[in-house]
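Trainee: Sharing a structure below in structure tokens format, with a few things to ask.
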Amino acid sequence: MSPLEFERPASLAQALALHAQAAKGRVGGEDSDGCLWLAGGQSLLAAMKLGMVSPSVLIDLQDLPGLREIREEGDGGEGLYIAAMATHASVAASALVRRIAPGLASLAGGIADEQVRQMGTIGGSLAHNDPAACWPAGVLAAGATVLTDQREIAADDYFQGLYTTALQPGELIVGVRFPRLAGLHYLKFEQPASRFALVGVAVARTLDGQVRVALTGLGSGVQRWPQAEQALGRHFSAQALQALSTQGLQALADLHASADYRRHLAGVLAGRCVTALGGGALPPPAPLARRQRTDAVAAPQEAVPEDGFGGVQMLAGEPAQVWQTLLDARQLQASIPGCEALVQTSPEAYEATVKVGLGPLSVRFKSEVLLSDQRPPQSLTLVFRGSAGALGSGQGRARVRLEPVGGQTRLHWWVQVQLSGRLAQFGNRLVEATARKLSGEFFERMGQALPSDASPRPIVQTASWWRRLLQFFFPSLGK
């Protein structure tokens, strides 16, 4: 068991001093996550029990004065201030919140169950930034401002993706300032066991008539829906959303719901929020259309497995160049985010150690990869196995295809992953979200590694596409 120091300061100044001292001393070694703030503990303690977070110091914020208050902002009541340690239950029960921002009171009252609402805090929820949490949607839709011990951060700048925020290491949220709104309404379609949002939608109207729409639960973190905002800005009615397509929304699938169903729910819930805010009655549902049969012969397409996830990336360089870069072990290790070691054990096998961090979570994986079905410079298949010790393991395969496109290469990838042990509790949707998030960094590094001259290099058939594998598999597990 890793050593853990527990501190419970009596003032904000003392808390900041303790954190600075712990960070300077760096207690715990390389496998420690250092010093962390403890608010309600509803997310952090669960992650610690799973072994996904191993802090050396916990600083409990329960006794800090002023971090639980809820007050009206400004002499004329221009807004609402909710301190970071205000619990969901206290926000839901606040007469001030019910009067000034009843939509926020309703949002807080629908989070999880009574036990969680009594312990969980608005600051903890925002710092954790779970992709299915309720508070991020309410804060983003309201155009609120997150206040820390160092600065003020607009909601549009604060949320930066899956479990990722603008907070710097050691920076502490002290409160959230909400502007006075004409109205805000939040609805979610719940996952029955956890009451997290399969999809949640918050719609807010400002006093000057602007509309903000925020979505949570789609898989990659809270996001705004600009097309809906524009349509509602022109005409605030549920009918204004009818002509909008939700296909442009970035959504991921898991065992609870497909990506298309999540997009559909976003449109339905947005319409209901608008109706609740006075945007007229919902239009009647369209009748179901019978699917038409067709005898036309479709053009042959590459078979896509039913399970898994994938994507397409354009890379500068001919397929032969890309292939060569993929097979360069040095470039491989340099391009894999968090790769600490990469060793070739045979012409078609590698072992690697990768440390992946995502928000407050950090996991180190030891893994091996075998290459097969190589058709240079067109395609290959990787079979991979990885272990995270007591946290569990994962295995799967990745298919890669390189397509020449006018002097460049279109790289198609498809990954299938199976997790076991504690890692399996995190779900395939967040596995996919993590892989997609880190893929951008991987391809950026790989693009920089491509040779500047366009002359193709000889094709080498040696196992080294491990880096792409790690990009999708280990970051996935890192979640």
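The values are calculated or read from the model by the stated rules, or taken from the named source; none is laboratory data. Computed from a predicted structure; not experimentally measured. All Cβ positions, glycine included, derive from the backbone under ideal geometry; neighbour counts span all protein chains shown. Note: areas computed on protein heavy atoms with side chains; ligands, DNA, RNA excluded. Shrake-Rupley method; radii C 1.70, N 1.55, O 1.52, S 1.80 Å.
Trainee: Being open to solvent by 70 Å² or more (accessible area, probe 1.4 Å), more than 27 Å from Val53 (Cα to Cα) and charged (D, E, K, R) is the filter here; which residues of the stretch 178-210 pass it?
Mentor: Arg180, Arg205, Asp208
Trainee: I would also like to ask the following. Checking Ala231 against (1) touching a residue at least 60 places away in the same chain (Cβ under 8 Å); (2) of a type in the set (Gly, Ala, Ser); (3) not in a loop (DSSP other than H, G, I, E, B), only one condition comes out false. Which one?
Mentor: Of (1) touching a residue at least 60 places away in the same chain (Cβ under 8 Å); (2) of a type in the set (Gly, Ala, Ser); (3) not in a loop (DSSP other than H, G, I, E, B), only one is false for Ala231: (1).
Trainee: Among the listed residues Ala257, Ala193, Ala251, identify the single one that is in a loop (DSSP other than H, G, I, E, B), free of Cβ contacts under 8 Å to residues at least 60 places away in the same chain and under 21 Å from Leu107 (Cα atoms). First the steps, then the outcome.
Mentor: Values: Ala257 fails: under 21 Å from Leu107 (Cα atoms); Ala251 fails: under 21 Å from Leu107 (Cα atoms).
Going through Ala257, Ala193, Ala251 in turn, just one is in a loop (DSSP other than H, G, I, E, B), free of Cβ contacts under 8 Å to residues at least 60 places away in the same chain and under 21 Å from Leu107 (Cα atoms): Ala193.
Trainee: Still on this structure, I have one more. Quick one: in the stretch 34-53, of everything that is over 18 Å from Leu18 (Cα atoms) and out of contact with any helix residue (DSSP H, G or I) (no Cβ under 6 Å at 6 or more places or on another chain), which residue is surrounded by the fewest Cβ atoms within 10 Å (Cβ to Cβ)?
Mentor: Here is the first cut: in the stretch 34-53, the ones over 18 Å from Leu18 (Cα atoms) are 40-53.
From what is left, the residues that are out of contact with any helix residue (DSSP H, G or I) (no Cβ under 6 Å at 6 or more places or on another chain) are 41, 44-49, 52.
Details: Gly41: 17, Leu44: 21, Leu45: 14, Ala46: 12, Ala47: 20, Met48: 20, Lys49: 10, Met52: 23.
By that ranking, first place goes to Lys49.
Trainee: Separate question: Identify, please: which residue in the stretch 241-268 is surrounded by 17 or more Cβ atoms within 10 Å (Cβ to Cβ) and touching a Lys or Arg at 6+ places or on another chain (Cβ under 7 Å) and is, among those, farthest from Ala182 (Cα to Cα)?
Mentor: Checked the stretch 241-268; the qualifying residue farthest from Ala182 (Cα to Cα) is Asp254.
Trainee: Return the total of residues in the stretch 284-340 being modelled with pLDDT under 65, more than 25 Å from the chain's Cα centre (by Cα) and under 20 Å from Gln374 (Cβ atoms).
Mentor: Going through the stretch 284-340, the residues modelled with pLDDT under 65 turn out to be 286-307.
Now restrict to residues that are more than 25 Å from the chain's Cα centre (by Cα): 286-304.
Then drop every residue that is not under 20 Å from Gln374 (Cβ atoms), which leaves 302-303.
Matching residues across the stretch 284-340 total 2.
Trainee: Kindly list, by first and then second residue, each pair from a residue in the stretch 394-417 that is over 19 Å from Gln374 (Cβ atoms) and in contact (Cβ under 8 Å) with a residue 40 or more places away in the chain to a residue that is among the aromatic types (Phe, Trp, Tyr) and open to solvent by less than 30 Å² (accessible area, probe 1.4 Å), limited to pairs with Cβ atoms under 7 Å and residues at least 6 apart or on different chains.
Mentor: Gly394/Phe473; Val417/Phe473
Trainee: Can you tell me which residue is surrounded by the most Cβ atoms within 10 Å (Cβ to Cβ) among those in the stretch 166-177 that are in contact (Cβ under 8 Å) with a residue 60 or more places away in the chain and touching a Phe, Trp or Tyr at 6+ places or on another chain (Cβ under 9 Å)?
Mentor: Let us first name the residues in the stretch 166-177 that are in contact (Cβ under 8 Å) with a residue 60 or more places away in the chain, namely 169-170, 172-177.
Among the residues that remain, those that are also touching a Phe, Trp or Tyr at 6+ places or on another chain (Cβ under 9 Å) are: 170, 172-173, 175-177.
Values: Gly170: 16, Leu172: 22, Ile173: 27, Gly175: 22, Val176: 25, Arg177: 17.
Residue satisfying both the conditions and the ranking: Ile173.
Trainee: Could you tell me how many of the residues in the stretch 129-158 are farther than 19 Å from Trp225 by Cα and assigned to a loop (DSSP other than H, G, I, E, B)?
Mentor: Total satisfying the criteria: 3.
Trainee: Oh, and also: Return the pairs, sorted by first residue and then second, in which the second residue is small (Gly, Ala, Ser), the first residue lies in the stretch 4-16 and is free of Cβ contacts under 8 Å to residues at least 60 places away in the same chain, the beta carbons are less than 6 Å apart, and the residues are 6+ apart or on different chains.
Mentor: Pro9/Ala15
Trainee: Here's another thing I want to ask about it. Suppose we keep only residues that are charged (D, E, K, R) and under 16 Å from Ser194 (Cα atoms) within the stretch 75-131. Which one would you say is surrounded by the fewest Cβ atoms within 10 Å (Cβ to Cβ)?
Mentor: Here the answer is Asp113.
Trainee: Among Leu411, Leu419, Leu371, which is in a strand (DSSP E or B), modelled with pLDDT under 75 and surrounded by 15 or more Cβ atoms within 10 Å (Cβ to Cβ)?
Mentor: Numbers: Leu411 fails: modelled with pLDDT under 75; Leu371 fails: modelled with pLDDT under 75.
None of the others qualify; the one that does is Leu419.
Trainee: Hey, Gly161 hits all of (1) assigned to a loop (DSSP other than H, G, I, E, B); (2) without any contact (Cβ under 8 Å) to a residue 24 or more places away in the chain; (3) more than 23 Å from Gly41 (Cβ to Cβ) but one; which does it fall short on?
Mentor: (2)
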